[in-house]
Amino acid sequence: MRRLRFSQGVVFISLAVCALVILLLSLLQLVSDAAEEKAPRGLFALFGLGMPWYASAIAVLTAVLAWLTVQIIRLRMAAVPDRSSPDALLYWSFGLLLGLVAVMDVTWWSVTVATVWWSAAVLVASRRQMALLTAGLAAFVAGYTLLSSQPPLLAVVFLGYGCGLTLLFVAGNVAMLWLWEIAREATLAREARARLAVSEERLRFARDMHDLLGHSLSGIAVKSELAARLAARDPERAAAEMAEVQQIAREALREVRAAVSGYRSVDLAEELASVRSVLTAAGVRTTVTGSAAALPEQSRSLVAWLVREGATNVLRHSSARRCDITLVERDRSCVVEVYNDGVRPGRETVFGNGLTGLSERVAAVGGTLSATGTGDGGFLLRAVVPAPGSASPRPAETPEAKGGAA
């Protein structure tokens, strides 16, 4: 999501350049007129108003039009667009645009401003609205040019120039918007797939629990009911039935424990491949040293959980660009290290629920776990897990060290 927000910001800034172009073009005409000591143009020339009024009107109209253009772009990129706002923004900004063109006069500068605004407005307007706005703008430019006693051919040139420039700006804006929408849809699809996978796993677990316990619980209910009826007239048979109930309950408990143990086991090789894929997709260069096959089979599941938790912390609590995962067997112990270079400066971290649970599981097999900063902007999660049979399990201890929150 961090990369998606960054992409959204880049696309928004790229589209918001339209507002900046509107500002710059209007101010460039104003500076050009002032440098050449020309009289005010457009309506201000008609009413005989001076240059200060002319400059003030252009500055105000341009600033408001640029702001409305930014609002149009912001509205288009909103996660949940407000369909009641585009009409007001379009019509207000269109009216300001016509006023600005009337003040600036129909020039290359003002026609370019109009085309830039149109390329932003097309992102939120319907086809009917754009047809009306295009017809209105073309009629205004042509009519204003003719009424100001300029050659009719100049109106045709302005319209042709505006159409060509509009195509270029619209193509650029639409291309940027399409790239953003593709990135957003890909991210949303990836999240939807993850949620679907979780839901399917829950359904599978529910089906398995039903298959495991449904028959056993039904048998327990029937036999306990029978034992209750036989308790008064045949105590020996009632005791036999209750013994069977006890046996069924123990068998069901054994099956549930076996199922849960299977769910909690994680394949280390698959986990390494998954972690590498996820971190690489997040822009983190990942290096894995060592292989799952080199570690004792009984330790691989716990090591897989350590690798998963380390990768989760990299994604959630760091701005890492590099992650190194090291798996080695040393002195009859498995040493697991997950290092990243993205510790946020000034942040003091403590063990969260994830690392606390892992620390307890590692301690239960006689191992140790640490999670500390390396002093060079890095963070190291390190666990030493004794090989099976080399150390006796010990009770889990509450960690007192500092580390990355999970």
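The values are calculated or read from the model by the stated rules, or taken from the named source; none is laboratory data. In this text the structure is predicted, and so the values were computed from the model without any measurement. We place every Cβ from the backbone using ideal geometry, glycine too, and count neighbours over all the protein chains shown.
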Just to be sure I understand, how many residues within the stretch 213-234 are among the polar types (S, T, N, Q) and in a loop (DSSP other than H, G, I, E, B)? 0
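Each row is one residue, and each column tells you yes or no for (1) over 18 Å from Phe158 (Cα atoms); (2) outside the structural domain of Leu24 (by TED's automatic domain parsing); (3) surrounded by fewer than 22 Cβ atoms within 10 Å (Cβ to Cβ).
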residue	(1), (2), (3)
Leu65	yes, no, no
Ile72	yes, no, no
Tyr91	yes, no, yes
Thr107	no, no, yes
Trp118	no, no, no
Leu123	yes, no, yes
Gln129	yes, no, yes
Thr134	no, no, yes
Identify, please: which residue in the stretch 312-339 is under 31 Å from the mean Cα position of the chain (by Cα), surrounded by fewer than 18 Cβ atoms within 10 Å (Cβ to Cβ) and assigned to a strand (DSSP E or B) and is, among those, modelled with the lowest pLDDT? Arg322
Considering the stretch 328-341 alone, what residues qualify as being over 15 Å from Ala371 (Cα atoms) and without any contact (Cβ under 8 Å) to a residue 40 or more places away in the chain? Val328, Arg330, Asp331
Among the residues of the stretch 374-404 satisfying the criterion of being buried (at least 17 other Cβ atoms within 10 Å of the Cβ), within 29 Å of the chain's Cα centre (by Cα) and among the small types (Gly, Ala, Ser), which is modelled with the highest pLDDT? Gly378
Of these, Arg257, Arg184, Arg237, which one is within 27 Å of Arg361 (Cβ to Cβ), in a helix (DSSP H, G or I) and among the basic types (Lys, Arg)? Arg257
For the stretch 340-359, give me the residue count where each residue is more than 18 Å from Trp305 (Cβ to Cβ) and either of a type in the set (D, E, K, R) or at pLDDT below 65 (or both). 8
Among the residues of the stretch 211-242, write down those that are acidic (Asp, Glu) and under 20 Å from Glu255 (Cα atoms). Asp211
Find the residue count for the stretch 287-311, including only residues that are among the acidic types (Asp, Glu) and either crowded, with 18+ Cβ neighbours inside 10 Å or touching a residue at least 60 places away in the same chain (Cβ under 8 Å) (or both). 1
How many of the residues making up the stretch 108-153 are assigned to a helix (DSSP H, G or I) and either touching a residue at least 12 places away in the same chain (Cβ under 8 Å) or within 44 Å of the chain's Cα centre (by Cα) (or both)? 31
Within the stretch 272-324, which residues are of a type in the set (S, T, N, Q) and out of contact with any Gly (no Cβ under 8 Å at 6 or more places or on another chain)? Ser274, Ser277, Thr280, Thr286, Thr287, Thr289, Ser291, Gln298, Ser299, Ser301
Of all residues in the stretch 154-173 being over 40 Å from the mean Cα position of the chain (by Cα) and crowded, with 17+ Cβ neighbours inside 10 Å, the one that is farthest from Leu15 (Cα to Cα): Ala155
By residue number, the members of the stretch 267-280 that are surrounded by fewer than 12 Cβ atoms within 10 Å (Cβ to Cβ) and either of a type outside the set (S, T, N, Q) or modelled with pLDDT of 80 or more (or both) are Glu270
Which number in (1) under 28 Å from Gly366 (Cα atoms); (2) buried (at least 21 other Cβ atoms within 10 Å of the Cβ) marks the one condition that Val284 misses? (1)
